[in-house]
Structures are given as C-alpha cells and as structure tokens.
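Take a look at the structure below.
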C-alpha cells in the first residue's frame, strides 16, 4: 500500500456522516470495497459523530484494512450537517460525493 502522505490527489472523495449506523455499515463498506475504480483515484472520509453502538469499531477496522484509502474522523455528536462539513473540509478529490451509510453503491458508481 502507498504511504497516504505521499499519495497523489484522488479523483473522488467520498464523505459519509455516521451516527448509530452499525447495522448498515457491513453492506455499505462491502459496496465501497467492490468499486471498479483504481483505489488511487478514491479517498474515503468517514465521520463518526459520537456513535455509541459499534459504528466506531467497524469504521476503525475498515480504516486499518485500507489505510491508503479510508480516513476516519471521530467527533462529539453535533449532527449530520456538522459531520458532512468536517469531512468536506478534509476532502482533496476533484469531485466530492456524500452517500449515506445505509446506501449500497453499484460497483461502477464512480
């Protein structure tokens, strides 16, 4: 895996706001992992808004498996608008998309 600090800017940034969504994350994560795009063209920013269920743990495990692609931000609960703004502020992609964690993306979404 490439060192995230030396990575070129991606084409797409995915920013997803997460609060108490553990039940949906396995399918959402699988749909992102199944994308046909080159992973160098993809940046994933997941913002956990103070979840008290397994959301944080599932996101941490995903970020550990895909450190060159998935970036996790934990924040105190502040609501979806705050989550999205925090993630968008970190995005470096040419295009930004913000699917919800209960979405399932088709393999050629990008």
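Quick notes on this structure:
- Residue 105 more than 12 Å from residue 17 (Cβ to Cβ) and modelled with pLDDT under 95: no
- Within the option set 9, 5, 17, being farther than 16 Å from residue 73 by Cα, at pLDDT below 95 and not in a loop (DSSP other than H, G, I, E, B) holds for one residue only, 5.
- Every listed requirement among (1) assigned to a strand (DSSP E or B); (2) surrounded by fewer than 17 Cβ atoms within 10 Å (Cβ to Cβ); (3) in contact (Cβ under 8 Å) with a residue 60 or more places away in the chain is met by residue 88 save one, (1).
Yes or no, residue by residue, for (1) under 12 Å from the mean Cα position of the chain (by Cα); (2) crowded, with 16+ Cβ neighbours inside 10 Å:
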residue	(1), (2)
19	no, yes
22	no, yes
28	yes, yes
32	yes, yes
43	yes, yes
47	yes, yes
53	no, no
59	yes, yes
62	yes, yes
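- Flag if residue 49 is in contact (Cβ under 8 Å) with a residue 40 or more places away in the chain and in contact with a strand residue (DSSP E or B) (Cβ under 9 Å, 6 or more places away or on another chain): no
- Among residues that are part of a helix (DSSP H, G or I), in contact with a strand residue (DSSP E or B) (Cβ under 7 Å, 6 or more places away or on another chain) and surrounded by fewer than 18 Cβ atoms within 10 Å (Cβ to Cβ), residue 83 is not included.
The values are calculated or read from the model by the stated rules, or taken from the named source; none is laboratory data. Fair warning: this is a prediction, and the values are worked out from it, not measured in the lab. Quick reminder, even Gly has a Cβ in these numbers, built from the backbone with ideal geometry, and neighbours come from all protein chains shown.
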